[in-house]
Each structure stands twice: as structure tokens, then as C-alpha cells.
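Peer 1: Could you have a look at this structure, given as C-alpha cells, before my questions?
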Amino acid sequence: MYPFGKGFARYVPFLLLLIPLALYVVFYFGPSMLTVIYSFTDVKNIPGSSMHFVGLDNYKDLFFAGNSGERWVSIKNTLIFMFIVTIVQNGVALFVAVLINQRLRGDYFYRAVFFLPVVLGVAVVALVWGMMFDPMSGPVNMLYQWLFGYKDMFFSSFTHAFGYIIFVQIWMYMGYSMLIFLAGLQSVPKDLYEAGYIDGTNRWQSFKNITFPLIAPSFTVNMLLSIIGAMSTFDIILATTDGKFNTRTMAYDVYKETFRGSLEMGLPSALSVVQFLIILVFVVVAVRQTRKREVEY
């Protein structure tokens, strides 16, 4: 019954797996291991530069050097960014998915509209919201002036720029989370709702006791993607504020130190390792908590 035959043909699947395995090693596992190794060295992002083992010096510099205060601010911003994006993005996405799942007229149009920002790309999204939030002639500023009687600097504001970046991040990726929730909602058997209706459950009870437990796997996936995506975001920050106005995050610092700073690879590599460990902790905790709510049907 083996579909690939006997003899050498039995090894065909393993040979086919060598190609994606090689790609994984070259483009993911290999660079990841080099990052860990570089975090213990003084290597620079210069061809032919020498490399010496320095132990934990890079990790000490991250948290105890003269500019370590900036690192702590980046870590704080990253955690704030992750918490707000994860909670708000999934909350809004779930709400929108539930509405679209009601078989509204033009539901396919709404799906396309909400998913469109995902396919636009960061450069286009940054350009669009840069024009919308233009402090001189942007339509949002005109609306602010008409409603509240004041103007904002938006991406040039020390107090509000980070909040607007969070808004753009949620606006861009909410549609992706919505589709995952929508797929989970459409997989819930209809007869469970009919049985609940016969037992006298209202809409909230039906959602709480039937819908949410059965779409918990979708919630787990969205939580995982949101945490990883939010803590790895630097492109939107780069395209909107370039890290100015108190909007730096760990991912942005890794990019800046590697390609636009002192060209040292050891320090940003150490920061990448710390970032990975923080992501790992939050992902493990989030998955454990959400898995408890998952049920099989």
C-alpha cells in the first residue's frame, strides 16, 4: 500500500524533504544560530572584519552601559506595543468577524475591505496615513480642528506618535485576524445553536458557552501571531517616525544598530536574543492559557 513503491523509491519522500530542509537551514536556522554566536563576540558588519569572543559583555552593555536607559525605554515601548496591539486587534477582529458571520448583505465585500490593508504593504500604508495625519493639511487634523478646536502633530508628536503607530498597526493587520476568526466561526455546527435556542439561551449565552469555546483554537492562533508580529515590528516605525519622538522598539533598535549605527553585530545580536526570549515567554504563557479553553467537537 506504500504509494512510492519499494526499494529506493521508499526514500523519495525524504529526498523531496531535503529541499525545504536545506532552505530552512540556510535562511532561518543558520542565521538564528549565527545571531546567538555573534552575541558573544565583537564582530562588525564590515566584510573581512575580525571576530573575538567577549563573553557576556554585549549583554552587560545592553542593560548597564551609559546609554542603557534607551534600551529600557525600547523594551518598555515594545511591551506596551505588544499588549495593546494583541488585545485591541483581536478584540476588534472578533467583533467584526461575528458581525460578518451574520450573513449580512455584501459580506464578501466587507471581507475584502477589511483585508485590503494587509496586502497593501507597509510602504503604501505609511504613505496613506502620512497624508491622512499630515499636521498642516491632513483631513484628520481638519476633523480634529472642527470637532475639538485644536491641531495635532501626529507622527511628529512626542506624546501621541507612538499611539498613532499602534493604531496603524492594528488597522493594517486586523483583517488578517478577522479572517482567522471568521473561519473558526463558520466551522461551528449550526445544530448546537439550535439546541441552545431550544434550551432558552440568549445571544450572549450562546456566544459565551458555544461560540467562544469552539473558536478557541482560532483565538490561540491569533494571539500567537499578534504577539510575535507586534514584538517584531520595526518597518512601520521606520516608515513613519524613523524611531524619533519616543517610538523606538527592540526590533527597531536591532535594525538601527546593525545597519545605521556603529555597525557592530554583537550588541544587536544580543538584543535579538533577549527579544526572542521575551517573545518565547509570552507565547508560551499565552498558548497555555488559551489552550485551556479549547474544546473538541
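The values are calculated or read from the model by the stated rules, or taken from the named source; none is laboratory data. What you see is a predicted model; the values in this text were computed from it and never measured. Cβ sites come from the backbone with ideal geometry, for glycine too, and all protein chains shown count toward neighbours. Side chains are part of the model used for accessible areas, which takes the heavy atoms of the whole protein and leaves out ligands, DNA and RNA. Shrake-Rupley method; radii C 1.70, N 1.55, O 1.52, S 1.80 Å.
Peer 1: Give the distance, in whole Å, between the Cα centre of segment 70-108 and the Cα centre of segment 191-251.
Peer 2: Using only Cα atoms to place each centre, the spacing works out to 6 Å.
Peer 1: What residue among 139, 18, 213 has its Cα farthest toward the positive end of the dipole of the chain, where the charges are +1 on Lys, Arg and -1 on Asp, Glu, each on the Cβ?
Peer 2: 213
Peer 1: Another question about this same structure. Please work out how much length the chain gains when fully extended from residue 56 to residue 33, using 0.36 nm per residue of separation minus the C-alpha to C-alpha distance, in nm with one decimal.
Peer 2: Here the answer is 6.6 nm.
Peer 1: Is any helix in the chain, taking whole DSSP H runs, at least 27 angstrom long along its axis by alpha carbon and on average at least 1.0 on the Kyte-Doolittle scale, and which ones?
Peer 2: 68-100, 161-186, 266-291
Peer 1: Where Lys and Arg each count +1 and Asp and Glu each count -1, what net charge lies around residue 237 among other residues with Cβ under 12 Å from its Cβ?
Peer 2: Once all neighbours under 12 Å are counted, the net charge is 0.
Peer 1: What shape does segment 67-292 take by its C-alpha gyration tensor, where a ≥ b ≥ c are the square roots of the eigenvalues and a/c under 1.5 counts as rounded, a/b above b/c as prolate, and the rest as oblate?
Peer 2: oblate
Peer 1: Could you tell me the calculated FRET efficiency between residue 277 and residue 147, based on Cβ-Cβ distance and R0 = 41 angstrom, to the nearest 0.05?
Peer 2: 0.40
Peer 1: Given the options 22, 216, 270, state which has the largest fluctuation in a GNM of the chain using a 10 Å cut-off (strictly under) for Cα springs.
Peer 2: Ranking 22, 216, 270 by mean-square fluctuation puts 22 first.
Peer 1: Oh, and also: Return the single residue from 220, 159, 201 with maximal mean-square fluctuation; model: Gaussian network over the chain, springs between Cα atoms under 10 Å.
Peer 2: In this elastic network of the chain, the residue with the biggest mean-square fluctuation among 220, 159, 201 is 201.
Peer 1: Picking from 131, 178, 223, which is most flexible by a Gaussian network model of the chain using Cα springs under 10 Å?
Peer 2: 131
Peer 1: Along the Cα-to-C-beta direction of residue 285, a point sits 7 Å from the Cα; which residues of segment 88-114 have their amide N less than 17 Å from that point?
Peer 2: Within reach of a label on residue 285, which here means backbone N under 17 Å from a point 7 Å along Cα→Cβ, segment 88-114 contributes 88.
Peer 1: Quote the charge dipole size of segment 67-292 about the Cα centre in Debye, to the nearest 20; the model charges only the Cβ of Lys and Arg (+1) and of Asp and Glu (-1).
Peer 2: 360 debye
Peer 1: Provide the per residue accessible area, probe 1.4 Å, for the chain, rounded to a whole number of square angstrom.
Peer 2: Result: 60 Å² per residue.
Peer 1: Got a number for carbon plus sulfur as a percent of segment 67-292's accessible area, 1.4 Å probe?
Peer 2: Carbon and sulfur: 69 percent of the exposed surface of segment 67-292.
Peer 1: Using only the Cα atoms of segment 233-292, build the gyration tensor, take square roots of its eigenvalues as a ≥ b ≥ c, and label the shape rounded, prolate or oblate: rounded if a/c is under 1.5, else prolate if a/b is larger than b/c, else oblate.
Peer 2: oblate
Peer 1: While we're here: Sorted by mean Cβ packing within 10 Å, highest first, what order do the peptides 161-169, 40-48 take?
Peer 2: Packing proxy ranking, top to bottom: 161-169, 40-48.
Peer 1: What whole-number value in cubic angstrom gives the convex hull volume per residue for the C-alpha atoms of segment 188-297?
Peer 2: 135 Å³
Peer 1: Could you tell me the calculated FRET efficiency between residue 187 and residue 128, based on Cβ-Cβ distance and R0 = 51 angstrom, to the nearest 0.05?
Peer 2: 0.90
Peer 1: Is the shape of segment 55-192 rounded, prolate or oblate, going by the alpha carbon gyration tensor and its root eigenvalues a ≥ b ≥ c, with a/c under 1.5 for rounded and a/b larger than b/c for prolate?
Peer 2: The shape class here is oblate.
Peer 1: Then there is this: Going toward the positive end of the dipole of the chain, with +1 on Lys and Arg Cβ and -1 on Asp and Glu Cβ, which of 114, 241, 85 do you reach last?
Peer 2: 114
Peer 1: Another one. In nm, to one decimal, how far is the modelled label at residue 242 from the one at residue 16, with both set 7 Å along Cα→Cβ?
Peer 2: Each label point is offset 7 Å from its Cα along the Cβ direction, giving 4.9 nm.
Peer 1: Please list, by residue number, every one of the trypsin sites (Lys or Arg not before Pro) in segment 70-148 that is coil in DSSP and has at most 14 other beta-carbon atoms within 10 Å.
Peer 2: Of the trypsin sites (Lys or Arg not before Pro), the ones in loops of segment 70-148 whose Cβ has at most 14 other Cβ atoms within 10 Å are 103, 105.
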